[in-house]
Structure formats: structure tokens, C-alpha cells
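Single-structure report; data block below.
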Amino acid sequence: MTHRDARRVDARRLEPRRRDARRAEARAGDAGTAGAARAGARGGGAAGTGVAPGEAATGRGRGVLEGAFALLDSLRRYGDGAGVTELAEVCGVPKGTVHRLLDQLVAVGAVERRDRRYRVGPQLYRLGQVWEPYPGLRAAARLPLHRLRAATGAGVVLSVLREDLALTVGSVPGEVEPIVQVHDGVAFGLDTAAGRALRGPRRPGAVLDREDVMAGVCCAALPVRAPDGRTVAALTGMVRAGRRLEPLVQAVAEASGAVTRALATAPPARAGVPGAPGRPTPSFRPVERA
């Protein structure tokens, strides 16, 4: 999937959020102007609108959050950064609102500013590392993914099913990098080998893609299973067209089996430390001295 295709998929998914953000902005504007003008005449409620103060604050807060997340999702797609005008057009939010939200996001480290362009900040990266699609999955897959890449030269992707897409949660770039950019966070359609493996193969064995989705790229994918047998992820190897797929299938099978076994033998994760099975939660309380 190219950057252009990924942006089209993201644009379709973002459209309901943009619509909600525009409506929330309009409601907030109405409450701030017409409501203020009626405050003296009607009294009560939020700025004379007849809406309870708590309800008005909740509505405004939800609108701010939706707008902020729409901006963050857009910045994710603009890897090299974006300006206020670009973001306002993509999100369908007024430039003044975009500028105000960006200032707030910069202040908390979720966004960083360089010159007049903005990009995702370090705090958002740190928060994202905590998310675990299945307990211990990323830790269990880390070594098998790198071994699969070393043995085959393939681009390797570990994906989970989210919002009718195969979302990449672990990856190692390989020989297909000039054609398909492999990195965490990229989403693939369910018609891909990864998507079909996540939905459940129609017959036993690897799901193969012989340039069915993208010219020049062939894939082999197999499910990764939890101890109870549920499919929790798919492991995919991607190579250039023209290579024999049998060795790739064997290597992917070994890697997916290694991840499945690691999940079955991993100690239970401790509360408060997602993705770190058995690792104690660090204590930050001061040591009392006698």
C-alpha cells in the first residue's frame, strides 16, 4: 500500500470525525455568541442558552477532544510535518481553532513545532508504546520477526484486526521497501494476505498473495494464536515478485509458531506494565531511612 493509498483509506475513516468536529465547532460558536447575547434576557443555564452548565461544558469538552484527535491523526499521515492551513483544510476545522489546539498540544508534548510546521511529538510516542493489542504480543514477536527478516530478506509485518483493517503493530523493513513502506501504524485492507489470515483462512496453511493486491509484491501470511486458540494477530512476509514462495512459507510458519508458543509460555503480565510480562512495576516512593 502506497502513501497515497494509505491517505485515501485514512481520509475515508476520518470523514465522520471531521463532520462531528465541524458540528461541535458550530455548536460551540453558537453557545459563545448567541448564548451570550441572550444571557441577560433569559438567564439561567449556560450563558442563557437553557442548557445546564455541566451539559454545555461536556459538549464543548467533547468537541475539543474530537478536534485534537483529528489533528493528531492528520499529523500522523504527514510524516514530514504540516502547517496550520494544511491541517485546517484536511480536518475541516477553522484555522483559528487549529492554531489554538496546536498550541495546547505543543504545551503538553503531544505535538512539536519546528518553524511554522507541526509534527507528532515525543509524549504521544511514549503513550503509544504502552498500548498492547494482546498481552505480551509485541514482546513475544520481537525476536521471531527479526529472525524471519534475516533468514529471508522479506519485509515482515505483525498485524492485528482493528476497525476492519489489518493494523501493523510490529514490523521489520525488507527488500520490498522501495515498493511498500513497512512500519508500525500502517493499515492494510482485509483483502490482503494479512487481512485474510486475520479473518481466518478458508483452508489450512499459509495465505498467499501472488501480486493480487500490488504489482511486484508477493506475500505469505499465517495467523498467530492465543493459548485458547483464538487468532490474535497475523504474521506476514513480503518479497519481490519472481521469488519462490515455498521457502518463505516455511519461514513464516516457523516464525508464527514461535510467537504462538511464546504467548503460551509467557508469565502473566503484571498490572500497570502492559507488554512487560512478569516485570515488576517500578516504585517512585521515597526510601525511608532509619
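Which far-off residues, 5 or more places away or on another chain, put their amide H under 5 Å from the one on V176, with H placed in the peptide plane?
Residues meeting the amide H criterion: G155.
Of all accessible surface on region 155-231 at a 1.4 Å probe, what whole percent is carbon and sulfur? Don't skip to the end; give the middle numbers.
Details: 1770 of 3580 Å².
In region 155-231, the share of accessible area belonging to carbon and sulfur is 49 percent.
Along the Cα→Cβ direction, 7 angstrom out, place labels at A150 and R230. What is the inter-label distance in nm?
Inter-label distance under the simple model: 3.3 nm.
Counting only residues 5 or more places away or on other chains, whose amide H sits under 5 Å from the amide H of V224 once H atoms are built in the peptide plane?
V232, A233, A234, L235
Roughly to the nearest percent, how much of the accessible area of region 86-144 is carbon and sulfur, given a 1.4 Å probe?
C and S fraction of accessible area: 54 percent.
Counting only the backbone N, which residues of region 222-244 are under 15 Å from the spot 7 Å out from the Cα of A264 toward its beta-carbon?
Answer for region 222-244: 223-232.
Using the charge dipole of region 131-206 (Lys, Arg: +1 at Cβ; Asp, Glu: -1 at Cβ; taken about the Cα centre), state which of P204, V156, G136 has its Cα farthest towards the positive end.
P204
Any chance you could run the full-extension gain for D115 through R77? It's 0.36 nm times the residue separation minus the Cα-Cα distance, nm to one decimal. Display every interim value, and only then the final one.
Numbers: separation 38, 0.36 × 38 = 13.68 nm, distance 1.91 nm.
Using 0.36 nm per residue and subtracting the Cα-Cα distance, I get 11.8 nm.
With the alpha-carbon atoms as the only input, what is the per residue convex hull volume for region 125-273 in Å³? Kindly include the intermediate steps, with their values, before the conclusion.
On the way: hull volume 16.3 nm³, N = 149.
Per-residue hull volume (Cα only) is 109 Å³.
Classify region 52-174 from the C-alpha gyration tensor, please: rounded if a/c falls under 1.5, else prolate or oblate depending on whether a/b exceeds b/c.
Numbers: a/c = 2.67, a/b = 1.85, b/c = 1.44.
The shape class here is prolate.
Using per-residue counts of other Cβ atoms within 10 Å, averaged over each peptide, order 71-79, 172-180 from highest down. Don't skip to the answer; put the middle values down first.
Working: 71-79: 18.6, 172-180: 16.7.
The peptides rank, most packed first, as 71-79, 172-180.
The values are calculated or read from the model by the stated rules, or taken from the named source; none is laboratory data. None of the values given here were measured: they were computed from a predicted structure. So basically every Cβ, Gly included, is an ideal-geometry build from the backbone, and we count neighbours across all protein chains shown. Surface accessibility is based on the protein's heavy atoms, side chains included, excluding ligands, DNA and RNA. Shrake-Rupley method; radii C 1.70, N 1.55, O 1.52, S 1.80 Å.
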